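The values are calculated or read from the model by the stated rules, or taken from the named source; none is laboratory data. These numbers were taken from a predicted model, which means no experiment stands behind them. FYI the Cβ positions are ideal-geometry reconstructions off the backbone, even for glycines, and counts take in every protein chain you see. These area figures cover heavy atoms from the full protein model, side chains too; ligands, DNA and RNA do not enter into them. Shrake-Rupley method; radii C 1.70, N 1.55, O 1.52, S 1.80 Å.
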Amino acid sequence: MSVKSEHNKTNVIIQNSFRAPMASLECLDESTMSSESPMTTRPPSRQTSVHWAAGMRYRNLGKSGLKISCIGLGTWVNFGTQLSEETAEEILTAAYESGINVFDTADLYGGGKAEIMLGKILKKKGWRRSTYIIATKLIWTGKSDIERGLSRKQIIEGLQASLERLQLNYVDILLVNKADSMCPMEEIVRACTYCIHQGMALYWGTSRWAAMEVMEAYTVARQFNQIPPVMEETEYHMFQRDKVELSHPELFHKIGVGTMTWSPQAFGLSGRFDEGIHLISRGSIRNYSGTSDKTASDENRSPRHQAKIHQLSFLVEKLGCTLTQLYIAWCLKNDCVHCVLVGASSVGQLFDHLHALQVLPRLNTNVVNEIERILSNKPIRQPVTR
């Protein structure tokens with residue numbers, strides 16, 4: 001081999017060593033997965049981003065053309081309240097460099113502080129706007145009586161306020177949290193369509209809506225030549241399965257609605273908080289609208305559920321992962337789930353969550369069947385009686 005050809009070969013090797021690996025759009029060959037220990041964590045460096053990005057997967061959100069990472073970062077609890085801006089920036093940077101392109105927030109997270117902190121960090125980092133996706137929710141249920149509801153005024157002015165806090169010209173996805181039975185569906189759909197036409201949002205979706213409400217919004221949009229919702233954001237974990245596994249496949253196949261889920265750790269049963277739910281003292285759970293849900297807490301802390309978690313702990317030992325990683329990987333195993341939102345209080349915790357991508361290929365048929373045997377709660381669609 002000539003000196004010149006040897007020199008060119010060396011240059012190619014050097015260039016490729018700094019090139020981020022190509023991420024799969026739907027699936028990634030198991031041979032490309034890292035064989036490192038599931039508990040391995042690394043500092044947020046350039047080398048780290050290449051390692052973790054190798055397992056990131058991207059999927060279309062529903063039947064839209066929007067490519068989203070299968071794991072997204074939520075900002076409830078941590079951003080704007082419990083974390084310093086420096087720590088939040090480290091987490092957001094590590095997430096971005098690891099291939100996460102979905103960042104979920106809301107107008108009431110931290111009383112608006114989450115959006116403010118997220119906006120400051122994004123402006124400071126100066127990332128190309130085309131490389132990340134911002135989804136923000138309008139949570140009208142936690143506001144004063146005069147501001148409650150989903151009227152055209154509340155939706156448009158609420159989004160304008162969010163944009164000011166985020167220091168952005170637009171959000172990628174405007175999410176309407178919970179339907180408003182006191183407001184006509186046509187008004188909600190028209191207001192969201194207006195926001196898109198005005199360039200304040202690119203898509204709109206729903207959060208915590210019933211399947212029939214999502215279908216109604218789609219029908220109204222088609223009837224009046226408006227823009228239908230592109231996704232539904234909902235709770236999904238091993239102990240809350242009915243909605244996602246029974247209703248959402250139909251929403252996807254019939255009207256193309258995608259699914260983004262939160263609370264993969266089942267109300268903090270792994271001992272840590274995650275997006276959407278925060279475990280507080282005496283078993284009471286307080287969600288982001290400020291309401292207490294003791295029933296859910298009691299249910300998830302019952303001896304029956306604790307026994308199932310105990311059995312799952314033996315399974316994770318065989319898989320070489322943590323319970324949290326199994327929870328996230330199990331959610332991702334569902335083809336109907338396009339993105340799982342997670343929260344993190346440190347870069348190390350974020351990397352622990354991301355290692356669920358390495359656990360996912362290990363969930364073969366035998367493992368999935370074993371999980372189903374332990375849970376014994378697979379939803380079954382009841383036959384239609386006439």
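Below are the figures for this structure:
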item: Lys308 being free of Cβ contacts under 8 Å to residues at least 12 places away in the same chain and either surrounded by fewer than 22 Cβ atoms within 10 Å (Cβ to Cβ) or outside any helix (DSSP H, G or I) (or both); result: no
item: Helices (runs of 4 or more DSSP H) wholly inside segment 338-386 containing at least 1 residues that are over 24 Å from the mean Cα position of the chain (by Cα); result: 365-375
item: Close pairs (6 angstrom Cβ cut-off, 6 or more residues apart or separate chains): polar (S, T, N, Q) in segment 76-101, in a loop (DSSP other than H, G, I, E, B) and buried (at least 23 other Cβ atoms within 10 Å of the Cβ) anywhere; result: Asn78/Gly343
item: Residues (under 20 Å from Val230 (Cα atoms) and of a type in the set (S, T, N, Q)) located in segment 113-150; result: Ser130, Thr131, Thr136
item: Only listed residue being surrounded by 15 or more Cβ atoms within 10 Å (Cβ to Cβ) and more than 23 Å from the chain's Cα centre (by Cα), chosen from Ile134, Ile188, Ile155, Ile139; result: Ile188
item: Count - residues of segment 331-345 that are of a type outside the set (S, T, N, Q) and open to solvent by 20 Å² or more (accessible area, probe 1.4 Å); result: 2
item: Flag for Arg373 being of a type in the set (D, E, K, R), at pLDDT below 95 and loosely packed, with under 12 Cβ neighbours inside 10 Å; result: no
item: Top-ranked residue in segment 201-242 [being in a loop (DSSP other than H, G, I, E, B) and open to solvent by less than 20 Å² (accessible area, probe 1.4 Å); ranked as farthest from Thr259 (Cα to Cα)]; result: Met238
item: Strands (runs of 3 or more DSSP E) (entirely within segment 90-179) containing at least 1 residues that are within 17 Å of Ala191 (Cα to Cα); result: 133-138, 171-177
